[in-house]
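S.K.: Before we start, here is the structure in question, set down as structure tokens.
The values are calculated or read from the model by the stated rules, or taken from the named source; none is laboratory data. This one's a predicted model, so the numbers in the text were calculated from it and none came from an experiment. For neighbour counting, all protein chains shown are included, and Cβ atoms are generated from backbone atoms with ideal geometry for every residue, glycine included. Calculation scope for accessible area: heavy atoms of the full protein, side chains included, ligands and nucleic acids excluded. Shrake-Rupley method; radii C 1.70, N 1.55, O 1.52, S 1.80 Å.
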Amino acid sequence: MYRKLHDFFFSNSSIISLVCKIKQRHWKKKKYFFLIKKARRLTASDHSTYGVAAEPRRKQFRFSKDTSRITESPQKMSSGDENIILNPRFEDGLNNWAGRGCQIAVRNSIDGKIMPQSGNYFAVATGRTQSWNGIQQEITGRAQRKRAYEVDALVRIYGKNATTSTVQVTLYVQLPDLREQYISIANVQATDKDWVQLRGKFLINNSPSKIIMYFEGPPAGIDILVNYCLVKHAAKPPPSRPPVIKDPEFGVNIIANSNLDDDTNGWFPLGNCKLSVQTGSPHVLPPMARGSLGPHEPLSGRYILVTGRTQTWMGPAQMITDKLKLYLTYQVSAWVRVGTGAFGPQIVNVALSVDDQWVNGGQIEVSDDGWREIGGSFRLEKQPSKVMVYLQGPSSGVDLMVGGLQIFPVDRCARFRCLDVQIDLIRKRDVILKFTGSELTGLLGAIVIVKQRENSFPLGSCINRTNLDNEDFVDFFVKHFNWAVFGNELKWYWTESQQGKFNYRDADEMLDFCDKNGKQTRGHCIFWEVEGVVQPWVRALNRNDLMKAVQNRLTGLLTRYKGRFKHYDVNNEMLHGSFYQDRLGKNIRATMFSMAHQLDPSAQLFVNDYHVEDGDDAKSSPEKYSQHVIDLQKQGAPVGGIGIQGHIDSPVGSIVCSALDKLATVGLPIWFTEMDVSSNNEYVRADDLEVMLREAFAHPAVEGVMLWGFWELFMRENAHLVDAEGEVNEAGKRLLGLKKEWLSRAHGLVEEECEFRFRGFLGTYDVEIITPCEKVCKTIVVDKGYGPMEVSIDL
């Protein structure tokens, strides 16, 4: 889930070095460049020998990083605040530094070959027997809560057979109640050849009794070298500026000779395949493109036939470097098909090579039985020197056919105007206020003021337990969201990281917080079908014991919280994993739903998956997701809703809407369960968020939206709406602006029939009736329904 970076878990005896999976939905390779994030975890039992309480540790949270190889002297950190690391360049030997389960030393060189890049010394963590061993410094009392800090360090590795390995900087936090947190700050792929810069940010929400920062990561036997380490108050980045795009030419296809009027001129074969022009492809524009372009001239019916393919990447290509503009969102559209003789369905991908980095422009599964629409989108946020678009994917020897390829910039504002009409139809209702009472003679002509207090459409956010210790976070959440979902604290690897040792304390506290503040909650998630995030003790069980563990998990969780969670994601990401199905049989998924319903009949049970709405993943196309739900229902699963995670970049409204339309045919409510958008530019991020929120609000099948966070350092990088110290950015302002736009107001005079009529969004209203003698205040709720809603107000 994308974007998010998937969370970490720990075993009952040994260190788990777990690579945080870069799910396509988060790092779709759609950006001009992207960063791979990794993280390491370790168990409390492993640390207990070194003075850390052996209590089930709390999970690591998302981190932000910026890593780059250094060729010059490192840049200075933000000025104005002192470095909270003592002896940062080891000029005072090892004072204030300690080994974390290993030996440390200060050197000015190693064999005369490894020299410090900055200053005169570097520290070496040697004799490491575990991946968490390294060099550390306690910073208790020097790091302030609710203050963002930036870490800047120079690191490398050394040892026999050491070439590359991940070095990570981690924060250990112990709270006064002895609970623990391990916060991954940043990591970098270090080498034995050069010093590399390790940079990241962290934020402490609470008031810890102990804080230790340490370097860890490489396998046992590899030394960690640290040239210097600085930790200062993080400088505010320069404010984003709205992109200025001259002559965007919305809807204009940038592909040359798209209709193949001039044979294959403008095209070239990628690899030693052959291109030829044939006739017989559809004349109509693909539906998703038509949704953006509107009326359009017919396609030519000609297509490129690609033969002699000996590699999956071979296909038709075209250079488009000079035709692209930064920060414009481009939609991709084409008809594709494969030749006869293909062994099973084939994946076709519209790809872009942006300075030799792959960018996904759309993906679909096709066969030889007909033409299929492929659609996707992309955006460049850094000036490239070379961009090539090409089609690839089918197995070697399989012919590929491509007709009517179009790449065009999308006019989002034009679509918003259409969505406003749809929003008015499905999210508003006519209301007739009928005034009653014994004395109505002076009411005629009285002033009526109607103000909507809250829109009833569910809009929520992901929260973590540590967020509740930050008053600023709590204030923003309580004011602006009416639903909550827990990022980690209900997942099985959190509540039972070691077999038989349960941790419901965090979930209990979070649920009590939501109840106290009147927030509805989603239960995420009971199971997670992706093997990489299943805790080791569960993976080690035999079939019978695994079945018992599944039953115990269901009984323990749903009995404990019966009636308190409105939704449950029963088995997360079934289109992308099959851990339980592989071991317990095909029916286990339906069994999970059935048992959950029996244990808590009031909860609405959801499927939940990613890359459903963006055209980027053939595994989770809307068609496949719909069929997945239907198959579960045929097995007796009481599926109550369809969850679309919504981790997306450069969204296009017509593509999102097309996916929603296809899923709506199943007849179940749809929720966006983990929505986030990412861009370095806050204005572009705001635009992306507006696209997603308007598409959701305008679709009749969508019944709620959950954001996968809003606070910096606790969600996907460059996706936050509020920075780490509480300043609302342009994306956050856009959210608040939409919330305000979707509140209704009305005023006027009482009519002859002692009535007042208005049309407004569903939700809660305050009504004031002002006469020469008095002012009467009432509260009404406008519910969903057909036809005008009559509300009787007794005066």
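S.K.: Determine how large the accessible area of E730 is when every protein chain is in place; take a 1.4 Å probe and give Å² rounded to the nearest 10.
M.R.: 50
S.K.: Report the net charge of residues surrounding M789, where surrounding means a beta-carbon distance below 12 angstrom and charges are Lys +1, Arg +1, Asp -1, Glu -1. If you can, show how the numbers build up before the last one.
M.R.: Numbers: positive: K428, R429, K434, R757, R759, K784; negative: D430, D783, E790.
Overall, the nearby charge balance is +3.
S.K.: Roughly speaking, what is the centre-to-centre gap between the range 490-560 and the range 311-362 when only Cα atoms are used, to the nearest Å?
M.R.: 41
S.K.: Whole-Å semi-axes of the chain's equivalent ellipsoid, largest first, each the root of 5 times a Cα gyration tensor eigenvalue?
M.R.: 44, 38, 28
S.K.: Antiparallel versus total DSSP beta bridges in the range 597-736: what percent is that, nearest 5? Write down the numbers at each step before the final one.
M.R.: Numbers: 1 of 15 bridges.
Once the DSSP bridges in the range 597-736 are tallied, antiparallel ones form about 5 percent.
S.K.: OK, next. Leaving out ligands, DNA and RNA, what percent of the accessible area of the range 352-499 is carbon and sulfur, probe 1.4 Å?
M.R.: Details: 2530 of 5320 Å².
Here carbon and sulfur together make up 48 percent of the probe-accessible area.
S.K.: Roughly how many Å is it from the Cα centre of the range 719-782 to that of the range 221-249, as a whole number?
M.R.: That distance is 40 Å.
S.K.: Averaging sequence separations of C-alpha pairs under 8 Å and six or more residues apart, then dividing by the length of the range 465-739, give the relative contact order as a whole percent.
M.R.: About 13 percent, as a whole number.
S.K.: May I ask you to derive the FRET efficiency for D631 and Q103 from their Cβ-Cβ distance with R0 = 60 Å, giving the value to the nearest 0.05?
M.R.: E(calc), rounded to 0.05, equals 0.55.
S.K.: Please work out the Cα convex hull volume for the range 449-506 and give it in Å³ per residue. Please report the intermediate quantities before stating the final value.
M.R.: Values: hull volume 5.3 nm³, N = 58.
Cα convex hull per residue, to the nearest whole number: 92 Å³.
S.K.: Same structure again: Can you list the chymotrypsin sites (Phe, Trp or Tyr not before Pro) in the range 488-594 that are in a DSSP coil and have 15 or fewer other beta carbons within 10 angstrom? If you can, show how the numbers build up before the last one.
M.R.: On the way: sites: W492, Y493, W494, F502, Y504, F513, F527, W528, W537, Y561, F565, Y568, F579, Y580, F593; in loops: F502, Y504, Y561, F565.
When the chymotrypsin sites (Phe, Trp or Tyr not before Pro) of the range 488-594 are filtered for loop state and at most 15 Cβ neighbours within 10 Å, F502 remain.
S.K.: Now, a different point. Could you put T466, T764 in order of accessible surface area, largest first, with the 1.4 Å probe and the full protein assembly present? All intermediate terms of the calculation are to be shown ahead of the outcome.
M.R.: Values: T466 5, T764 30 Å².
From most exposed to least exposed: T764, T466.
S.K.: Also, I was wondering about something else. Can you work out the FRET efficiency for the pair T140 and N542, with r the C-beta to C-beta distance and R0 = 51 Å, to the nearest 0.05?
M.R.: Efficiency, from the Cβ-Cβ distance: 0.65.
S.K.: Using just the helices of the chain, give the 222 nm mean residue ellipticity in deg cm²/dmol: DSSP H runs with n ≥ 4 each add -39,500 (n - 2.57), and the total is spread over all residues, rounded to 500. Provide the component values of the computation, followed by the final result.
M.R.: On the way: 14 runs with 147 residues, N = 795.
Result for the chain, helices only: -5500 deg cm²/dmol.
S.K.: Per residue, what accessible area does the range 98-233 have, given a 1.4 Å probe and all protein chains present, in Å²? Working shown, then result.
M.R.: Values: 4430 Å² over 136 residues.
Per residue, the range 98-233 has an accessible area of 33 Å².
S.K.: Going out from 0 in 5 Å bins, what whole percent of all Cα-Cα distances in the range 656-795 drops into each bin?
M.R.: Over the range 656-795, the share of Cα pairs per 5 Å bin runs 2, 8, 14, 15, 13, 12, 11, 9, 8, 5, 2, 0 percent.
S.K.: Normalise the Debye intensity by I(0) for the range 557-666, one equal point scatterer per Cα, no solvent, then take log10 at q = 0.17, 0.21 Å⁻¹ and round to two decimals.
M.R.: Cα-only, vacuum Debye calculation for the range 557-666: -0.82, -1.13.
S.K.: How much length would be gained if the chain were fully extended between N96 and K775, taking 0.36 nm per residue of separation minus their Cα-Cα distance, in nm to one decimal?
M.R.: 237.6 nm
S.K.: Using only C-alpha atoms and all pairs of different ones, pull out the Kirkwood radius for the range 523-572 in Å with one decimal. Display every interim value, and only then the final one.
M.R.: Values: mean 1/r = 0.0850 Å⁻¹.
In the range 523-572 this quantity evaluates to 11.8 Å.
S.K.: Per q in 0.11, 0.15, 0.16 Å⁻¹, report the Debye log10 I(q)/I(0) for the range 440-557, using one uniform scatterer on each alpha carbon and no solvent.
M.R.: For the range 440-557, the Cα-only Debye profile gives -0.51, -0.77, -0.83.
S.K.: Not counting ligands, DNA or RNA, and with a 1.4 Å probe, what is R379's accessible surface area in Å² rounded to the nearest 10?
M.R.: 0
S.K.: Right, another one. Rank these residues by their accessible area, most exposed first, probe 1.4 Å: R745, R759.
M.R.: In descending accessible area the options line up as R745, R759.
S.K.: Accessible area per residue of the range 583-622 at 1.4 Å probe, in Å²? Walk me through the numbers before you get to the answer.
M.R.: Values: 1240 Å² over 40 residues.
Each residue of the range 583-622 exposes 31 Å² on average to a 1.4 Å probe.
S.K.: Follow-up question, since we're still on this one. Rank these by accessible area, largest first, 1.4 Å probe: F343, F457. Don't skip to the answer; put the middle values down first.
M.R.: Numbers: F343 195, F457 30 Å².
Sorted by accessible area, descending: F343, F457.
S.K.: Based on the Kirkwood radius over alpha-carbon pairs, what is the Stokes-Einstein translational diffusion coefficient of the range 162-211 at 25 °C with 0.890 mPa s viscosity, in µm²/s?
M.R.: On the way: Rh = 12.6 Å.
Rounded, D is 195 µm²/s.
S.K.: Please report the Cα spread of the range 213-318 along all three principal axes, rounded to whole Å, starting with the longest.
M.R.: Its Cα atoms span 65, 42, 24 Å along the three principal axes.
S.K.: Over the range 98-233, what number does the Rg to Rh ratio reach, with both radii from the alpha-carbon atoms and Rh per Kirkwood? Don't skip to the end; give the middle numbers.
M.R.: Values: Rg = 14.8 Å, Rh = 15.2 Å.
Reported Rg/Rh, Kirkwood definition of Rh: 0.98.
S.K.: A further question follows. If I stretch the segment between V244 and D508 completely, what's the gain in nm (0.36 nm per residue apart, minus their alpha carbon distance), one decimal?
M.R.: Net length gain for the segment: 90.2 nm.
S.K.: Tell me the carbon and sulfur percent of the accessible area for the range 98-233, rounded to whole percent, probe radius 1.4 Å. Numbers along the way, then the final one.
M.R.: Numbers: 1970 of 4430 Å².
Roughly 44 percent of what the probe reaches on the range 98-233 is carbon or sulfur.
S.K.: Can I ask one more? List the residues, sorted by chain then number, that are 5 or more residues from A190 or on another chain and whose placed amide H is less than 5 Å from its amide H.
M.R.: S165, T166, V167
S.K.: Taking one equal scatterer on every alpha-carbon of the range 684-758, how large is log10 of I(q)/I(0) by Debye at q = 0.15 1/Å?
M.R.: -0.63
S.K.: Could I ask something else about it? Based on the Kirkwood radius over alpha-carbon pairs, what is the Stokes-Einstein translational diffusion coefficient of the range 268-410 at 10 °C with 1.306 mPa s viscosity, in µm²/s? Mind dumping the intermediate values first?
M.R.: Working: Rh = 15.3 Å.
So the translational diffusion coefficient is about 104 µm²/s.
S.K.: Got a number for carbon plus sulfur as a percent of the range 640-775's accessible area, 1.4 Å probe? Working shown, then result.
M.R.: On the way: 2010 of 4230 Å².
The nonpolar share, carbon plus sulfur, comes to 48 percent.
S.K.: Next question. Using the alpha-carbon centroid of each, what span in Å lies between the range 114-175 and the range 420-486?
M.R.: 49
S.K.: If I stretch the segment between D766 and L795 completely, what's the gain in nm (0.36 nm per residue apart, minus their alpha carbon distance), one decimal?
M.R.: 9.0 nm
S.K.: Mind jotting down the three principal axis lengths of the range 465-739 based on Cα atoms? Whole angstrom, largest first.
M.R.: Computed over the range 465-739, the largest-to-smallest principal extents equal 53, 41, 31 Å.
S.K.: Further question on the same structure: Over the chain, what is the percentage of antiparallel beta bridges among all DSSP beta bridges, to the nearest 5?
M.R.: Details: 130 of 169 bridges.
In the chain, DSSP labels about 75 percent of beta bridges as antiparallel.
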